[in-house]
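Beneath this line is the structure, given in C-alpha coordinates, with notes to follow.
The values are calculated or read from the model by the stated rules, or taken from the named source; none is laboratory data. Quantities reported herein were computed from a predicted structural model and do not represent experimental measurements. All Cβ positions, even for glycine, are placed from backbone atoms using ideal geometry, and neighbour counts span all protein chains on display.
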Amino acid sequence: MADAHAKHSPLDQFKIQEIMPFNIGGYDVSFTNSSLMMLIVVALVTLFITFSMKKRAMVPGRMQSLAELSYEFVAGMLKENVGSEGRKFFPLVFTLFMFVLFSNLLGMVPTAFTVTSHIAVTFALAMLVFVTVIAVGIAKHGFHFLHLFIPSGIPGWMVPIIFPIEIISFLARPVSLSLRLAVAMMAGHVLLKVVAGFVISLGAATAFIGGIGGVVPLLFISLLIGLEIFVAFLQAYIFALLTTIYLNDAINLH
Amino acid sequence: MELEVIKYIGAGLMSFGMLGAAIGIGLIFGQASAGVARNPSAQKQIFGTAIIGAVFAELMGLFALVGMLIMLFV
(Lines give C-alpha, C1' and ligand atoms only; values in the text may rest on other atoms or scores of the structure.)
Protein backbone atom coordinates (compact mmCIF):
# COMPACT_ATOMS: atom_id res chain seq x y z
CA MET A 1 0.00 0.00 0.00
CA ALA A 2 2.77 2.39 0.97
CA ASP A 3 4.67 1.58 -2.21
CA ALA A 4 1.65 2.22 -4.39
CA HIS A 5 1.20 5.58 -2.70
CA ALA A 6 4.83 6.52 -3.19
CA LYS A 7 4.54 5.74 -6.87
CA HIS A 8 1.57 8.02 -7.49
CA SER A 9 2.30 10.72 -4.97
CA PRO A 10 0.60 13.95 -6.09
CA LEU A 11 3.83 15.75 -5.29
CA ASP A 12 5.69 13.93 -8.06
CA GLN A 13 4.87 16.64 -10.56
CA PHE A 14 7.04 19.12 -8.63
CA LYS A 15 10.17 17.03 -8.93
CA ILE A 16 13.12 18.87 -10.42
CA GLN A 17 14.97 16.90 -13.09
CA GLU A 18 18.38 17.80 -14.39
CA ILE A 19 18.61 18.28 -18.13
CA MET A 20 22.24 19.40 -18.32
CA PRO A 21 24.25 18.59 -15.17
CA PHE A 22 26.56 21.42 -14.29
CA ASN A 23 28.85 22.10 -11.34
CA ILE A 24 30.61 25.29 -10.35
CA GLY A 25 32.84 25.21 -7.28
CA GLY A 26 30.97 22.32 -5.70
CA TYR A 27 27.58 24.01 -6.16
CA ASP A 28 24.98 22.28 -8.27
CA VAL A 29 23.90 24.78 -10.91
CA SER A 30 22.51 22.29 -13.42
CA PHE A 31 20.15 23.31 -16.15
CA THR A 32 16.89 21.73 -14.94
CA ASN A 33 13.34 21.48 -16.18
CA SER A 34 12.58 24.44 -13.89
CA SER A 35 15.18 26.61 -15.65
CA LEU A 36 13.91 25.45 -19.03
CA MET A 37 10.38 26.45 -18.07
CA MET A 38 11.58 29.85 -16.84
CA LEU A 39 13.37 30.41 -20.14
CA ILE A 40 10.21 29.52 -22.03
CA VAL A 41 8.19 31.91 -19.87
CA VAL A 42 10.60 34.80 -20.41
CA ALA A 43 10.76 34.10 -24.15
CA LEU A 44 6.97 33.95 -24.40
CA VAL A 45 6.44 37.20 -22.49
CA THR A 46 9.04 38.97 -24.63
CA LEU A 47 7.55 37.61 -27.85
CA PHE A 48 4.02 38.49 -26.72
CA ILE A 49 4.86 42.10 -25.89
CA THR A 50 7.17 42.81 -28.85
CA PHE A 51 5.10 41.14 -31.58
CA SER A 52 1.73 42.38 -30.39
CA MET A 53 3.01 45.95 -30.27
CA LYS A 54 4.91 45.75 -33.56
CA LYS A 55 2.17 47.29 -35.70
CA ARG A 56 1.33 50.10 -33.27
CA ALA A 57 -2.06 50.45 -34.86
CA MET A 58 -4.30 53.30 -33.82
CA VAL A 59 -7.18 50.87 -33.51
CA PRO A 60 -5.64 47.90 -31.71
CA GLY A 61 -6.08 44.40 -33.04
CA ARG A 62 -6.66 41.35 -30.88
CA MET A 63 -3.09 40.84 -29.68
CA GLN A 64 -2.38 44.52 -29.31
CA SER A 65 -5.42 45.10 -27.12
CA LEU A 66 -4.28 42.20 -24.92
CA ALA A 67 -0.88 43.83 -24.51
CA GLU A 68 -2.47 47.23 -23.87
CA LEU A 69 -4.86 45.69 -21.39
CA SER A 70 -2.04 44.16 -19.36
CA TYR A 71 -0.09 47.41 -19.52
CA GLU A 72 -3.01 49.51 -18.35
CA PHE A 73 -3.89 47.00 -15.66
CA VAL A 74 -0.49 47.29 -13.98
CA ALA A 75 -0.15 51.01 -14.66
CA GLY A 76 -3.56 51.67 -13.10
CA MET A 77 -2.70 49.55 -10.08
CA LEU A 78 0.53 51.51 -9.55
CA LYS A 79 -1.20 54.84 -10.00
CA GLU A 80 -3.95 53.98 -7.55
CA ASN A 81 -1.65 52.68 -4.83
CA VAL A 82 1.56 54.68 -5.17
CA GLY A 83 0.61 57.77 -7.15
CA SER A 84 2.57 59.54 -9.83
CA GLU A 85 5.91 58.59 -8.24
CA GLY A 86 5.12 54.96 -8.94
CA ARG A 87 5.76 55.42 -12.67
CA LYS A 88 9.45 54.78 -12.08
CA PHE A 89 8.71 51.30 -10.77
CA PHE A 90 6.40 50.28 -13.56
CA PRO A 91 9.03 48.09 -15.33
CA LEU A 92 9.73 46.19 -12.11
CA VAL A 93 6.09 45.54 -11.24
CA PHE A 94 5.11 44.76 -14.83
CA THR A 95 7.96 42.27 -15.22
CA LEU A 96 7.08 40.55 -11.96
CA PHE A 97 3.39 40.43 -12.88
CA MET A 98 3.95 39.04 -16.36
CA PHE A 99 6.51 36.50 -15.19
CA VAL A 100 4.31 35.18 -12.40
CA LEU A 101 1.18 35.23 -14.58
CA PHE A 102 2.80 33.38 -17.46
CA SER A 103 4.47 30.78 -15.29
CA ASN A 104 1.20 30.19 -13.43
CA LEU A 105 -0.76 29.85 -16.66
CA LEU A 106 1.86 27.72 -18.43
CA GLY A 107 1.90 25.49 -15.37
CA MET A 108 -1.72 24.69 -16.16
CA VAL A 109 -0.68 23.03 -19.42
CA PRO A 110 -0.76 19.27 -18.77
CA THR A 111 2.67 17.74 -17.99
CA ALA A 112 4.23 21.20 -17.88
CA PHE A 113 6.30 22.18 -14.88
CA THR A 114 4.98 24.95 -12.61
CA VAL A 115 7.90 27.20 -11.84
CA THR A 116 6.06 29.22 -9.21
CA SER A 117 5.18 26.14 -7.16
CA HIS A 118 8.71 26.14 -5.76
CA ILE A 119 9.47 28.34 -2.80
CA ALA A 120 13.05 28.71 -4.09
CA VAL A 121 11.75 30.62 -7.11
CA THR A 122 9.07 32.67 -5.40
CA PHE A 123 11.33 33.50 -2.47
CA ALA A 124 13.91 34.88 -4.89
CA LEU A 125 11.22 37.07 -6.44
CA ALA A 126 10.00 38.15 -3.00
CA MET A 127 13.55 38.97 -1.85
CA LEU A 128 13.98 41.07 -4.98
CA VAL A 129 10.90 43.08 -3.96
CA PHE A 130 12.03 43.25 -0.34
CA VAL A 131 15.54 44.50 -1.14
CA THR A 132 14.15 47.00 -3.66
CA VAL A 133 11.73 48.36 -1.06
CA ILE A 134 14.50 48.82 1.53
CA ALA A 135 16.87 50.36 -1.03
CA VAL A 136 14.21 52.77 -2.30
CA GLY A 137 13.17 53.71 1.22
CA ILE A 138 16.71 54.40 2.41
CA ALA A 139 17.69 56.23 -0.78
CA LYS A 140 14.61 58.43 -0.52
CA HIS A 141 14.31 59.06 3.21
CA GLY A 142 17.67 58.05 4.66
CA PHE A 143 17.50 57.53 8.40
CA HIS A 144 13.94 58.82 8.33
CA PHE A 145 12.95 55.46 6.81
CA LEU A 146 12.74 54.05 10.35
CA HIS A 147 9.53 56.07 10.75
CA LEU A 148 7.92 53.29 8.73
CA PHE A 149 8.03 51.19 11.89
CA ILE A 150 6.32 53.78 14.07
CA PRO A 151 2.71 54.33 13.03
CA SER A 152 1.76 57.98 13.26
CA GLY A 153 -0.41 59.08 16.16
CA ILE A 154 0.50 56.47 18.75
CA PRO A 155 1.39 57.61 22.27
CA GLY A 156 5.13 57.76 23.06
CA TRP A 157 5.16 55.01 25.67
CA MET A 158 3.86 52.54 23.12
CA VAL A 159 6.76 53.05 20.72
CA PRO A 160 9.09 50.47 22.36
CA ILE A 161 6.31 47.88 22.11
CA ILE A 162 5.14 48.71 18.61
CA PHE A 163 8.62 49.09 17.11
CA PRO A 164 9.71 45.43 17.42
CA ILE A 165 6.30 44.21 16.32
CA GLU A 166 6.44 46.35 13.19
CA ILE A 167 10.02 45.21 12.47
CA ILE A 168 9.00 41.57 12.73
CA SER A 169 5.98 42.06 10.50
CA PHE A 170 8.22 43.88 8.03
CA LEU A 171 10.74 41.03 8.03
CA ALA A 172 7.95 38.49 7.56
CA ARG A 173 6.90 40.13 4.30
CA PRO A 174 9.14 38.19 1.89
CA VAL A 175 8.22 34.94 3.64
CA SER A 176 4.48 35.52 3.40
CA LEU A 177 4.73 36.91 -0.13
CA SER A 178 6.64 33.88 -1.44
CA LEU A 179 4.83 31.26 0.61
CA ARG A 180 1.40 32.46 -0.52
CA LEU A 181 2.21 32.15 -4.21
CA ALA A 182 4.08 28.85 -3.95
CA VAL A 183 1.53 27.16 -1.71
CA ALA A 184 -1.47 28.38 -3.68
CA MET A 185 -0.02 26.98 -6.89
CA MET A 186 1.12 23.76 -5.23
CA ALA A 187 -2.22 23.18 -3.50
CA GLY A 188 -4.11 23.73 -6.74
CA HIS A 189 -1.99 21.27 -8.68
CA VAL A 190 -2.12 18.65 -5.91
CA LEU A 191 -5.89 19.01 -5.84
CA LEU A 192 -6.11 18.52 -9.61
CA LYS A 193 -3.90 15.46 -9.40
CA VAL A 194 -5.91 13.93 -6.56
CA VAL A 195 -9.23 14.46 -8.36
CA ALA A 196 -7.68 13.08 -11.55
CA GLY A 197 -6.81 10.00 -9.52
CA PHE A 198 -10.48 9.71 -8.54
CA VAL A 199 -11.43 9.49 -12.23
CA ILE A 200 -9.23 6.42 -12.63
CA SER A 201 -10.18 4.69 -9.40
CA LEU A 202 -13.93 5.37 -9.68
CA GLY A 203 -13.83 4.27 -13.31
CA ALA A 204 -12.07 1.07 -12.32
CA ALA A 205 -14.49 0.50 -9.43
CA THR A 206 -17.49 0.72 -11.78
CA ALA A 207 -15.87 -1.30 -14.56
CA PHE A 208 -18.88 -3.70 -14.61
CA ILE A 209 -21.06 -0.91 -16.04
CA GLY A 210 -18.43 0.48 -18.36
CA GLY A 211 -16.64 2.71 -15.87
CA ILE A 212 -19.49 5.21 -15.80
CA GLY A 213 -18.58 6.33 -12.26
CA GLY A 214 -15.51 8.11 -13.57
CA VAL A 215 -17.69 10.70 -15.30
CA VAL A 216 -18.61 12.47 -12.06
CA PRO A 217 -15.05 13.44 -11.04
CA LEU A 218 -14.30 14.18 -14.69
CA LEU A 219 -16.99 16.87 -14.69
CA PHE A 220 -15.70 18.10 -11.36
CA ILE A 221 -12.13 18.36 -12.63
CA SER A 222 -13.26 20.39 -15.63
CA LEU A 223 -14.75 22.95 -13.25
CA LEU A 224 -11.63 22.83 -11.08
CA ILE A 225 -9.38 23.60 -14.04
CA GLY A 226 -11.42 26.74 -14.66
CA LEU A 227 -11.03 27.66 -11.02
CA GLU A 228 -7.28 27.02 -11.16
CA ILE A 229 -6.88 29.34 -14.16
CA PHE A 230 -8.71 32.00 -12.15
CA VAL A 231 -6.42 31.35 -9.17
CA ALA A 232 -3.37 31.56 -11.44
CA PHE A 233 -4.45 35.03 -12.49
CA LEU A 234 -5.49 36.06 -8.98
CA GLN A 235 -2.15 35.05 -7.44
CA ALA A 236 -0.22 37.02 -10.06
CA TYR A 237 -2.46 40.01 -9.37
CA ILE A 238 -1.96 39.67 -5.62
CA PHE A 239 1.80 39.39 -6.01
CA ALA A 240 1.91 42.58 -8.06
CA LEU A 241 -0.59 44.34 -5.78
CA LEU A 242 1.40 43.59 -2.62
CA THR A 243 4.57 44.72 -4.39
CA THR A 244 2.97 48.08 -5.13
CA ILE A 245 1.68 48.35 -1.56
CA TYR A 246 5.14 47.68 -0.15
CA LEU A 247 6.64 50.18 -2.59
CA ASN A 248 4.04 52.70 -1.48
CA ASP A 249 5.10 52.20 2.14
CA ALA A 250 8.72 52.89 1.23
CA ILE A 251 8.00 55.90 -0.99
CA ASN A 252 5.31 57.71 0.96
CA LEU A 253 5.91 56.30 4.47
CA HIS A 254 2.72 56.91 6.42
CA MET B 1 -1.00 3.58 18.35
CA GLU B 2 1.11 3.18 15.29
CA LEU B 3 3.08 6.16 14.05
CA GLU B 4 1.41 5.96 10.63
CA VAL B 5 -2.02 6.27 12.20
CA ILE B 6 -0.99 9.20 14.35
CA LYS B 7 0.37 10.92 11.23
CA TYR B 8 -2.97 10.74 9.44
CA ILE B 9 -4.91 11.87 12.51
CA GLY B 10 -2.52 14.79 12.86
CA ALA B 11 -2.98 15.75 9.21
CA GLY B 12 -6.75 15.65 9.67
CA LEU B 13 -6.57 17.85 12.76
CA MET B 14 -4.19 20.22 10.97
CA SER B 15 -6.67 20.71 8.16
CA PHE B 16 -9.11 22.24 10.67
CA GLY B 17 -6.91 25.33 10.41
CA MET B 18 -8.41 25.95 6.99
CA LEU B 19 -11.82 26.32 8.62
CA GLY B 20 -10.68 29.62 10.10
CA ALA B 21 -9.54 30.91 6.72
CA ALA B 22 -12.84 29.87 5.16
CA ILE B 23 -14.84 31.68 7.84
CA GLY B 24 -12.62 34.71 7.55
CA ILE B 25 -12.89 34.99 3.78
CA GLY B 26 -16.64 34.42 3.99
CA LEU B 27 -17.00 37.23 6.51
CA ILE B 28 -14.80 39.58 4.49
CA PHE B 29 -16.68 39.14 1.21
CA GLY B 30 -20.05 39.02 2.96
CA GLN B 31 -19.38 42.38 4.56
CA ALA B 32 -17.96 43.71 1.28
CA SER B 33 -21.15 42.71 -0.55
CA ALA B 34 -23.25 44.37 2.15
CA GLY B 35 -21.14 47.49 1.80
CA VAL B 36 -21.59 47.53 -1.96
CA ALA B 37 -25.35 47.07 -1.55
CA ARG B 38 -25.47 50.14 0.66
CA ASN B 39 -23.20 52.24 -1.51
CA PRO B 40 -22.84 50.84 -5.03
CA SER B 41 -20.66 53.74 -6.18
CA ALA B 42 -17.88 52.67 -3.79
CA GLN B 43 -17.74 49.17 -5.26
CA LYS B 44 -14.23 49.42 -6.70
CA GLN B 45 -12.61 50.66 -3.49
CA ILE B 46 -14.51 48.23 -1.29
CA PHE B 47 -13.51 45.22 -3.35
CA GLY B 48 -9.91 46.38 -3.55
CA THR B 49 -9.74 46.49 0.23
CA ALA B 50 -11.67 43.25 0.57
CA ILE B 51 -9.25 41.39 -1.69
CA ILE B 52 -6.26 42.56 0.35
CA GLY B 53 -8.02 41.40 3.52
CA ALA B 54 -8.94 38.08 1.93
CA VAL B 55 -5.33 37.57 0.87
CA PHE B 56 -4.15 37.83 4.46
CA ALA B 57 -6.93 35.58 5.73
CA GLU B 58 -6.18 33.05 3.00
CA LEU B 59 -2.51 32.92 3.97
CA MET B 60 -3.39 31.55 7.41
CA GLY B 61 -5.36 28.74 5.80
CA LEU B 62 -2.46 28.05 3.47
CA PHE B 63 -0.14 27.71 6.46
CA ALA B 64 -2.40 24.98 7.80
CA LEU B 65 -2.44 23.33 4.38
CA VAL B 66 1.36 23.34 4.17
CA GLY B 67 1.56 21.79 7.63
CA MET B 68 -0.88 19.12 6.56
CA LEU B 69 0.96 18.34 3.32
CA ILE B 70 4.30 18.17 5.12
CA MET B 71 2.77 15.78 7.64
CA LEU B 72 1.35 13.57 4.89
CA PHE B 73 4.14 13.44 2.34
CA VAL B 74 7.45 14.39 3.95
Every residue in segment B:26-51 that is loosely packed, with under 14 Cβ neighbours inside 10 Å, closer than 27 Å to A:Thr244 by Cα and among the hydrophobic types (A, V, I, L, M, F, W, C), please. B:Leu27, B:Ala42
Options A:Pro151, A:Pro160; residue that is of a type outside the set (Phe, Trp, Tyr) and modelled with pLDDT under 85: A:Pro151
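Residues that are touching a residue at least 24 places away in the same chain (Cβ under 8 Å), closer than 30 Å to A:Ala196 by Cβ and not aliphatic (A, V, I, L, M): does segment A:137-147 have at least one?
No, segment A:137-147 contains no residue that is touching a residue at least 24 places away in the same chain (Cβ under 8 Å), closer than 30 Å to A:Ala196 by Cβ and not aliphatic (A, V, I, L, M).
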Looking only at segment B:45-67, and only at residues there that are aliphatic (A, V, I, L, M) and facing chain A (nearest Cβ under 8 Å), the one that is nearest to B:Ala34 (Cα to Cα): B:Ile51
Mind checking which pairs have a first residue in segment A:164-184 that is away from chain B (no Cβ under 14 Å) and among the charged types (D, E, K, R) and a second that is surrounded by fewer than 21 Cβ atoms within 10 Å (Cβ to Cβ) and not in a helix (DSSP H, G or I), Cβ under 8 Å, 6 or more apart or different chains? A:Glu166/A:Ile150; A:Glu166/A:Pro151
Given B:Ile23, B:Ile70, which one is away from chain A (no Cβ under 14 Å), surrounded by fewer than 17 Cβ atoms within 10 Å (Cβ to Cβ) and part of a helix (DSSP H, G or I)? B:Ile23
Among the listed residues A:Ala139, A:Ala187, which satisfies the condition of being among the aliphatic types (A, V, I, L, M) and more than 22 Å from the chain's Cα centre (by Cα)? A:Ala139
Which listed residue is more than 14 Å from chain B (Cβ to nearest Cβ), under 25 Å from B:Phe47 (Cα atoms) and surrounded by 18 or more Cβ atoms within 10 Å (Cβ to Cβ), from A:Val93, A:Val115, A:Val133, A:Val121: A:Val93
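I'd like the residue in segment B:52-67 that is small (Gly, Ala, Ser) and under 14 Å from B:Gly10 (Cβ atoms) and, out of all such residues, is surrounded by the fewest Cβ atoms within 10 Å (Cβ to Cβ). Spell out the reasoning first.
Initially, segment B:52-67 is screened for residues small (Gly, Ala, Ser), giving B:53-54, B:57, B:61, B:64, B:67.
In the following step, the residues that additionally are under 14 Å from B:Gly10 (Cβ atoms) were identified as B:64, B:67.
Values: B:Ala64: 18, B:Gly67: 16.
Per the criteria, the residue is B:Gly67.
State yes or no: is A:Val190 surrounded by fewer than 17 Cβ atoms within 10 Å (Cβ to Cβ) and closer than 28 Å to A:Ile119 by Cβ?
Details: surrounded by fewer than 17 Cβ atoms within 10 Å (Cβ to Cβ): no; closer than 28 Å to A:Ile119 by Cβ: yes.
Against the criterion (surrounded by fewer than 17 Cβ atoms within 10 Å (Cβ to Cβ) and closer than 28 Å to A:Ile119 by Cβ), A:Val190 does not qualify.
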